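Here is the structure we will look at, set down as structure tokens.
The values are calculated or read from the model by the stated rules, or taken from the named source; none is laboratory data. Just so we're clear, the structure is a prediction, and the values are computed from it rather than from any experiment. As a convention, Cβ positions derive from the backbone with ideal geometry for all residues, glycine included, and neighbour counts pool all protein chains shown. Note: areas computed on protein heavy atoms with side chains; ligands, DNA, RNA excluded. Shrake-Rupley method; radii C 1.70, N 1.55, O 1.52, S 1.80 Å.
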Amino acid sequence: MHPDGEKIVLTEEEIGKRVRAMGEEISRDYQGKEILCVGILKGAMVFLADLVRRITAPAQFDFMAVSSYGASTRTSGVVRILKDLDRGIEGRHVLIVEDIVDTGLTLNYLVENLKSRGPASLNVCAFLDKPSRRLAPVDIHYNGFTIPDEFVVGYGLDYNESYRNLPYIMVLRPEVYGKGK
Ligand code: IMP
């Protein structure tokens, strides 16, 4: 494990198995339809890359970037679109792909925003769910794992932009917070 880690929460094997099953489920549900996977940068990038390769239904992908926590582990509640979709989504079957739902503020905003653009359908696929911290309601159609209220990194998730490349999910050692790397 990375030296800044306290414990591994999800191993590479566990993640691979779950992502494969999610891909199969999504493929079944979207039979005969083309999915537009909307990845939320940067955290969902690793999950989306693995997931789309497990989806057998026709799929395209696009990305959005929204404002994030920066170096803090607490949410500000303010959502700002830093990069919007390249194309319109009217009449498309949109699947938002997110790394983790924590307070739900980000996704709640994104769902409302994308709904207003007239997609044929709109579902949410989140790799991790931390339901204990929810402030805004989010309907998660595909959920990888539910985890307790601990700050985790790896598999796309960062602390101050680091650790995204780790192939597993780990909890950071408390001493690492506030190091301001
Ligand atoms: P929400 O708006 O509070 O649901 O925040 C969602 C976003 O916060 C995610 O897309 C992540 O970028 C970030 N986030 C929330 N919890 C964690 C965590 O445990 N580790 C890393 N990033 C997190």
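Scanning region 66-104 for residues that are at pLDDT 90 or above and near the ligand (Cβ under 10 Å from one of its atoms) gives VAL66, GLU98, ASP99, ILE100, VAL101, ASP102, THR103, GLY104.
In this entry, PRO167 is excluded by the filter for residues that are away from the ligand (no atom under 14 Å from the Cβ) and open to solvent by less than 40 Å² (accessible area, probe 1.4 Å). Selection over region 91-112 of residues that are polar (S, T, N, Q) and either open to solvent by 40 Å² or more (accessible area, probe 1.4 Å) or in contact with a strand residue (DSSP E or B) (Cβ under 7 Å, 6 or more places away or on another chain) (or both) gives a count of 2.
As for region 108-129, it holds at least one residue that is modelled with pLDDT of 95 or more, over 22 Å from LYS7 (Cβ atoms) and among the basic types (Lys, Arg).
Residues in region 136-150 that are free of Cβ contacts under 8 Å to residues at least 60 places away in the same chain and near the ligand (Cβ under 9 Å from one of its atoms) were compared, and the one that is most open to solvent (accessible area, probe 1.4 Å) is ASP149. With the structure loaded, tell me whether ASP50 is open to solvent by less than 90 Å² (accessible area, probe 1.4 Å) and farther than 25 Å from LEU122 by Cβ or whether it fails that test. So ASP50 fails the test.
Residues in region 113-130 include none that are surrounded by fewer than 18 Cβ atoms within 10 Å (Cβ to Cβ) and within 9 Å of the ligand (Cβ to nearest atom).
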